[in-house]
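Q: Please find one structure pasted underneath; my questions will follow.
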Amino acid sequence: MQEKVERLVAWLQAKVKETGVKGLIVGVSGGIDSAVVVNLIKRAVPDHSLGVILPCKSNPEDMEHAQIVIDQAGIDSMTVDLTETHQTLFSTIQTQLNNKDELHQDQQQLADANLRARLRMSTLYTLAANYQYLVVGTDNAAEWYTGYFTKYGDGGVDIVPLVHQTKGEVKEMAKYLGVPDEIIYKQPSAGLWEGQTDENEMGTSYEMIDRYLKGESIPDQDKEIIERMHRTSQHKREIASSPDKF
């Protein structure tokens, strides 16, 4: 694990040098993946790394955990509360849809959640432009393969250091880096709505996805879910689709 961490830190340092930026920035959610990234970028560029807490109708416990991570890593930080901004924009959009009698209530929960993710992305890039930093993503191998991220939201980043690490490997890395237990062992959740958990939303578990990615045998039901998620989310892992040149 020490070797893996050192290689990731060296890769982050190389990306800073290669792109000519001054440092690295990451959104801190209070979850294990962002906690690991916080620790990695702090090691890579100790004096030019920034963790940003971005509450947006968020669970207070997640914000507390985010602050715990900031304190544990000793990284510079700031908080930008997006709750009012989100409410203003989302209600304005809903009003226009209502005026056209085209508001689909069954789609509003997901639209709401995705807008939050995209507001966070926009905020991180605004800060990154100010500091001349790269925006660092937190997606692990399981999330990347299944497309369990918001396109141009938490998937809208410059670099993704954990993209080849399974959820289990991220957990082991978190232990090595000294991430507090309450972060490591909490139920994975994107905090999209009250009671939301990653595994309930996906219909399978990170353990099953990790086993699938390692080529191990898993139940057919889980395999079908994982392969369907990968197939339908392919567009998220590519730049905007275009026709062949003619």
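Q: On the basis of being hydrophobic (A, V, I, L, M, F, W, C), over 16 Å from Arg116 (Cβ atoms) and either in contact with an Asp or Glu (Cβ under 9 Å, 6 or more places away or on another chain) or without any contact (Cβ under 8 Å) to a residue 24 or more places away in the chain (or both), does Ile25 make the cut? Even if it seems obvious, please write down each step before you answer.
A: Numbers: hydrophobic (A, V, I, L, M, F, W, C): yes; over 16 Å from Arg116 (Cβ atoms): yes; either in contact with an Asp or Glu (Cβ under 9 Å, 6 or more places away or on another chain) or without any contact (Cβ under 8 Å) to a residue 24 or more places away in the chain (or both): no.
No, not satisfied.
Q: Also: State the number of residues belonging to the stretch 42-85 that are in a strand (DSSP E or B), of a type in the set (A, V, I, L, M) and under 17 Å from the mean Cα position of the chain (by Cα).
A: 3
Q: Among the candidates Val36, Val9, Val5, which residue alone is in contact with a helix residue (DSSP H, G or I) (Cβ under 6 Å, 6 or more places away or on another chain), of a type outside the set (Gly, Ala, Ser), in a helix (DSSP H, G or I) and surrounded by fewer than 21 Cβ atoms within 10 Å (Cβ to Cβ)?
A: Numbers: Val36 fails: surrounded by fewer than 21 Cβ atoms within 10 Å (Cβ to Cβ); Val5 fails: in contact with a helix residue (DSSP H, G or I) (Cβ under 6 Å, 6 or more places away or on another chain).
Of the residues listed, the single one that is in contact with a helix residue (DSSP H, G or I) (Cβ under 6 Å, 6 or more places away or on another chain), of a type outside the set (Gly, Ala, Ser), in a helix (DSSP H, G or I) and surrounded by fewer than 21 Cβ atoms within 10 Å (Cβ to Cβ) is Val9.
Q: Of the conditions (1) at pLDDT below 95; (2) in a helix (DSSP H, G or I), Leu119 fails just one. Which one is it?
A: Answer for Leu119: the failing condition is (1).
Q: Hey, any hits in the stretch 169-188 for a residue that's free of Cβ contacts under 8 Å to residues at least 60 places away in the same chain, crowded, with 21+ Cβ neighbours inside 10 Å, within 24 Å of Met208 (Cβ to Cβ) and not aliphatic (A, V, I, L, M)?
A: no
Q: When only residues in the stretch 198-217 that are buried (at least 20 other Cβ atoms within 10 Å of the Cβ) and of a type in the set (A, V, I, L, M, F, W, C) count, which is farthest from Lys171 (Cα to Cα)?
A: Met202
Q: Would you please name the residue that is surrounded by the most Cβ atoms within 10 Å (Cβ to Cβ), looking only at residues in the stretch 18-32 that are out of contact with any helix residue (DSSP H, G or I) (no Cβ under 6 Å at 6 or more places or on another chain) and not small (Gly, Ala, Ser)?
A: Val21
Q: I'd like the residue in the stretch 197-235 that is part of a loop (DSSP other than H, G, I, E, B) and in contact (Cβ under 8 Å) with a residue 40 or more places away in the chain and, out of all such residues, is farthest from the chain's Cα centre (by Cα).
A: Lys214
Q: Tally time: how many residues in the stretch 129-151 are among the hydrophobic types (A, V, I, L, M, F, W, C), outside any strand (DSSP E or B) and out of contact with any Lys or Arg (no Cβ under 6 Å at 6 or more places or on another chain)?
A: Number of matching residues: 4.
Q: Sticking with this one: Among the residues of the stretch 92-104, is any in contact (Cβ under 8 Å) with a residue 12 or more places away in the chain and not in a helix (DSSP H, G or I)?
A: No - not one qualifying residue is present in the stretch 92-104.
Q: Any idea which of (1) surrounded by 14 or more Cβ atoms within 10 Å (Cβ to Cβ); (2) among the polar types (S, T, N, Q); (3) out of contact with any Ser or Thr (no Cβ under 9 Å at 6 or more places or on another chain); (4) more than 15 Å from Asn140 (Cα to Cα) is the one Ser242 doesn't satisfy?
A: (1) is the only condition that Ser242 fails.
Q: Additional query: Out of Leu8, Leu40, which single residue is under 15 Å from Lys175 (Cα atoms), touching a residue at least 60 places away in the same chain (Cβ under 8 Å) and not small (Gly, Ala, Ser)?
A: Exactly one of Leu8, Leu40 is under 15 Å from Lys175 (Cα atoms), touching a residue at least 60 places away in the same chain (Cβ under 8 Å) and not small (Gly, Ala, Ser), namely Leu40.
The values are calculated or read from the model by the stated rules, or taken from the named source; none is laboratory data. Small disclaimer: the values here were computed from a predicted structure and weren't measured. Note: ideal-geometry Cβ built from the backbone for every residue, glycine included; neighbour counts use all protein chains shown.
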